[in-house]
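The values are calculated or read from the model by the stated rules, or taken from the named source; none is laboratory data. Fair warning: this is a prediction, and the values are worked out from it, not measured in the lab. Don't worry about glycine lacking a Cβ; one is built from the backbone with ideal geometry, like all the others, and counts go over all protein chains shown. Note: accessible area is taken over every heavy atom of the protein model, side chains too, but ligands, DNA and RNA are not part of it. Shrake-Rupley method; radii C 1.70, N 1.55, O 1.52, S 1.80 Å.
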Amino acid sequence: TSGLANMDNAMGVDSDGMSKIYLTGDKGLQPLKTRILQVLGDNPIAEPGANYDYNNTDFLLLEAIIEKVTGDSFESVLRNRILKPA
């Protein structure tokens, strides 16, 4: 319900159907900051709270917030604070 565009649609897909926003030339994952900045340049597609759209943009923003607040990588936070204790 954030109103943000689904970043999966931002750059189209490759011949395998993989969203290009996740890929570099050799199909490696683009850095989180690069992916977020590509999407945040777009205008919202709806007013916040007006529509429900399941997409990855909100989750990637959450990753960036966690990294900024903790000063650690999302992978490390996930592993050490969630997965290992579970």
Among the residues listed as A50, A64, A86, the single one being surrounded by 10 or more Cβ atoms within 10 Å (Cβ to Cβ) and either modelled with pLDDT under 80 or not in a helix (DSSP H, G or I) (or both)
A50
Cβ-Cβ below 7 Å, separation at least six or inter-chain, first residue in region 59-74 and more than 11 Å from K33 (Cβ to Cβ), second in a helix (DSSP H, G or I) and open to solvent by 60 Å² or more (accessible area, probe 1.4 Å): which pairs?
S73/E67; F74/E67
